[in-house]
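The values are calculated or read from the model by the stated rules, or taken from the named source; none is laboratory data. These numbers come from a predicted model, not from an experiment. All Cβ positions, glycine included, derive from the backbone under ideal geometry; neighbour counts span all protein chains shown.
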Amino acid sequence: MKHTSMIKLISLSLMLLLAAAAFPQKTYVVSVGIGEYKYPQVAPPLPCSVGDARAVSRFFYKYNGSSVFMLLNSNATRDHILRVLKSEFAKSTPNDEIIFVYSGHGVQGGLTTYDTKDASSLITYNEIQNIMKSAKARRKVILAMACYSGGLTLKNSNGGRTPRRSTQKTSVMLYTSSRANEVSWESPDMTNSFFISRILEAFRGAADRNGDRKVTARELFNYVNPRVISDTEGQQHPQMWGKFDDSMVVVYVK
């Protein structure tokens, strides 16, 4: 009887250890939303950007083991965004996940900040990529809700743009709201953009097709893309790029 009880206890302990190992130890989220800019003649106001950042932050505030840092409008200067990304993501360990969420104006090759006045005050994809690369977390996600955000990717040799996926230990997933030549749609009567609205639906479990309580990169793409394309009547096509396994878990469903 004691022997049987001991086996059950060991089995239970192993199950708990395996369950704990499946979840990231901690998820570090930096959520940026810029709806009002210092130079509106350069970057006019956006109705949904602050709402996007707040909605994503609310989701992760309730997410087990998450640390959320939100930057809105005048707090989202170029220097401040880069400083927060570096400091927050530097805290990560290999078992953690880091997520950068951005909603605001985009240009091909970069993202605007509150104090963007010209090209020198943009944040380039290479700058973001270098910060993500230096972090120890194995799972790394960028969600960019911005016009022309597909232009954040690097051109291949034939001048086109192709997804680059691999099963390297360090996974970086870049999910942009539109192609390099497209605007990303929102309107004054909306609280959140089409792209972020559909992502949050996916995160809450709508994308979990097999019911395993996980939303993988592939499940996220398969849920969000056709809906955003339909929402915008074919005018916006989200793009997923980077070095990651399609089965990489982006979030766990409660």
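Numbers at a glance
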{"quantity": "Qualifying residue in region 217-236 (condition: modelled with pLDDT of 95 or more, in a loop (DSSP other than H, G, I, E, B) and either more than 14 Å from the chain's Cα centre (by Cα) or crowded, with 21+ Cβ neighbours inside 10 Å (or both))", "calculated": "no"}
{"quantity": "Test for Pro40: is it surrounded by fewer than 19 Cβ atoms within 10 Å (Cβ to Cβ) and touching a residue at least 40 places away in the same chain (Cβ under 8 Å)", "calculated": "no"}
{"quantity": "Test for Lys117: is it at pLDDT 95 or above and out of contact with any strand residue (DSSP E or B) (no Cβ under 8 Å at 6 or more places or on another chain)", "calculated": "no"}
{"quantity": "Unmet criterion (only one of (1) modelled with pLDDT of 95 or more; (2) within 22 Å of Gly106 (Cβ to Cβ)) for Gln239", "calculated": "(1)"}
{"quantity": "Tally of residues being among the acidic types (Asp, Glu) and closer than 21 Å to Lys140 by Cα across region 227-254", "calculated": "2"}
{"quantity": "Search result, residues across region 196-216 that are surrounded by 20 or more Cβ atoms within 10 Å (Cβ to Cβ) and of a type in the set (A, V, I, L, M)", "calculated": "Ile196, Ile199, Ala202, Ala207, Val215"}
{"quantity": "Tally, over region 113-136, of residues that are under 20 Å from Leu71 (Cα atoms), among the acidic types (Asp, Glu) and assigned to a loop (DSSP other than H, G, I, E, B)", "calculated": "1"}
{"quantity": "Qualifying residue in region 9-28 (condition: surrounded by 20 or more Cβ atoms within 10 Å (Cβ to Cβ), modelled with pLDDT of 95 or more and within 17 Å of Trp185 (Cα to Cα))", "calculated": "no"}
{"quantity": "Candidates Ser184, Ser178, filtered to the one that is in contact with a Gly (Cβ under 6 Å, 6 or more places away or on another chain) and buried (at least 20 other Cβ atoms within 10 Å of the Cβ)", "calculated": "Ser178"}
{"quantity": "Single unsatisfied condition, Ala202 versus (1) without any contact (Cβ under 8 Å) to a residue 40 or more places away in the chain; (2) assigned to a loop (DSSP other than H, G, I, E, B); (3) not charged (D, E, K, R)", "calculated": "(2)"}
